[in-house]
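Only one structure is covered here, and it is reproduced in the block below.
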C-alpha cells in the first residue's frame, strides 16, 4: 500500500494539514491526466483498440519446478524426472503433470512457453524484478512493473485504479532487492493499489475503501468541501511534484471511498456461493475471483501473488528440507488449490465472453534444478523454466519452445524476461519501439533494444 509523506507544514483554517490529506490519499493512485493519455496516443505509444484489453498476471512466488509441472521428462533418469507422471490434456500432443487434472481439461485455451530463462542471480527477488519489469535491477534504476506502464500509458477507466495487486505486495525474497511491483521511475502515482486483506475470510473488507479510523464520515465530507481551499494552499506553499501527487491522491482516495462502483467490485458477497466454491475458498482462489470482478469493472491490470513470501508459507519453493516442502508435498499442499482456482478463472472468463480481451499470464522468478537434491527437493535454477498464457489474443493449445532432455536449458526458442514483458505489451497493443520518460527525463524504451514479443503465441 502506498504511504505518501509530505513535508509541508501548511494548514487550512480548521487545522487540516497536508499529512491529514495524505492519510486519505494512502490508496494507490492513478495520477495520469487526460492530457498525458492524449499525448501518448499522438506519439503512437498506444495503438487503436487496445483500450478493451486487460491483464491478470499470476505470479507464483517460490518458483514451480518445470519438471514436475508443465515440462515433464518421463524418459529421464529417476533423479531427474521426479515422482509424478505426465497426463494427456485436451490439447493434442500436450502433456502436463498429473497433479493438475483441471489444467488438463482446459489446455486447449493455454499456451505453454517451455524455454524461458534469465541471467540474473538465483535469488527470489532478483527474479521477481526481472520477470515483472523485463529488466534486471541495475545502477539504482527501478524499471516500472508492466502494470505501472499500463497505468501511465492509459490511466483509469472508471473510479477503480488501473493497477491492483492481490492480496498484497510481495514480502521478503532474500536478496534485499526491489521486488518489481512498483511504479519505479514513473513515480509513486503509478504504484499499484494493494488490497492488504484476505478475501477468503468471513469478515473480508477492503481497508482503503473505509476512511482512516481517526477520520469519520463527517470529517471526510468536510475535507472534500475544503478541497478548493487546500488546492489554493498547496499552490501557495509548494509547486513541486510532491504537491501535485498529494492533490491527485486525495482525489483518487475520495473517489474510491465514495464510489458505489468500487464497493461493488470488491464485494465478493455479490457472487453466488456456488461460484465462490468453484474457485475454492482459499486465499488464492478468492483472489482469482476478485481479479475477474475487478477486470469486469474496468481495472486494466491485476497481479495476483500466489503467496506473500517464500519464508513464512508453504510455497513452490521445494527445497525439501524444513521449513520448505518437498516435491511430494507440492502435490498435497499447493497444487490442488492452484489447479482449482486457475481453471475456474479461465473457464469463468470464457463463459462470460471476457477471455478474448483478458490476458492471463502465469509467471515465476525462475525454475528448479533438474536433479533432485538429497533432501527430496529441487533448488533455484534460472537457466530454464516454463511460463504460460491464455486469452488476450493468445492462441491456446500449443507449446512454444523446448528445453533439453533434462529440462536444464532451452533447446529451442529461448525466451527471456524482455520477451515475456514484451508479450504482455503486445497483447495490450503497445508499440514496443516507443519510449517512457525515464530517470532524469531521458527517453526509456518500453523494452530493451531487440526484444520482441513471443509472436508464435498470437
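Derivation of every value follows stated rules applied to the coordinates shown; laboratory data play no part. Predicted model, so just to flag it, every value in this text is computed and none were measured. Because the Cβ atoms are built from the backbone with ideal geometry, glycine has one as well, and the counts that use them run over all protein chains shown.
Any idea what the relative contact order of segment 339-394 is, in percent, if you count C-alpha pairs under 8 Å spaced at least 6 apart?
39 percent
Enumerate the residues in segment 363-384 having an amide nitrogen under 18 Å from the point lying 7 Å beyond the Cα of residue 321 toward its Cβ.
369-381
Suppose the Debye formula is applied to equal point scatterers at every Cα of segment 399-458; what is log10 I(q)/I(0) at q = 0.19, 0.30 Å⁻¹?
Computed log10 I(q)/I(0) values: -0.73, -1.21.
What is the Cα convex hull volume of segment 342-453 when expressed per residue in Å³?
Expressed per residue, the convex hull around the Cα atoms of segment 342-453 is 149 Å³.
Using just the alpha carbons, could you tell me how many Å³ per residue the convex hull of segment 53-102 encloses?
Expressed per residue, the convex hull around the Cα atoms of segment 53-102 is 112 Å³.
Sorted by packing (mean other beta-carbon atoms within 10 Å per residue), highest first, where do 88-95, 310-317 land?
310-317, 88-95
How many angstrom lie between the C-alpha centres of segment 387-426 and segment 304-361?
Rounded to whole Å, the Cα centres lie 19 Å apart.
Decide, for segment 277-388, between rounded, prolate and oblate: order the square roots of the alpha carbon gyration tensor eigenvalues as a ≥ b ≥ c, take rounded if a/c falls under 1.5, and otherwise choose prolate if a/b is larger than b/c, else oblate.
Here segment 277-388 falls in the prolate category.
Could you work out how far apart the two model spin labels at residue 332 and residue 431 are, taking each label as a point 7 Å from the Cα in the direction of the beta carbon, and quote it in nm?
Taking the simple label geometry, residue 332 and residue 431 are separated by 5.6 nm.
Place the peptides 272-281, 136-145 in order of packing, highest mean first, counting for every residue the other Cβ atoms within 10 Å and averaging per peptide.
In decreasing order of mean packing, 272-281, 136-145 become 136-145, 272-281.
What FRET efficiency do you get for residue 157 and residue 119 if R0 is 45 Å and r is their Cβ-Cβ distance, rounded to the nearest 0.05?
0.75
Rank by packing, highest mean first: peptides 260-270, 352-362, 58-68, with packing defined as the count of other Cβ atoms within 10 Å averaged across residues.
So the peptides 260-270, 352-362, 58-68, ranked by packing, come out 58-68, 352-362, 260-270.
Once label points are set 7 Å from the Cα along Cα→Cβ at both residue 350 and residue 371, what is their separation, rounded to one decimal in nm?
About 4.1 nm, to one decimal.
In terms of the Cα gyration tensor, with a ≥ b ≥ c the square roots of its eigenvalues, is segment 159-208 rounded because a/c is under 1.5, prolate because a/b exceeds b/c, or oblate?
Judged from the Cα gyration tensor, segment 159-208 comes out oblate (a/c at least 1.5, b/c at or above a/b).
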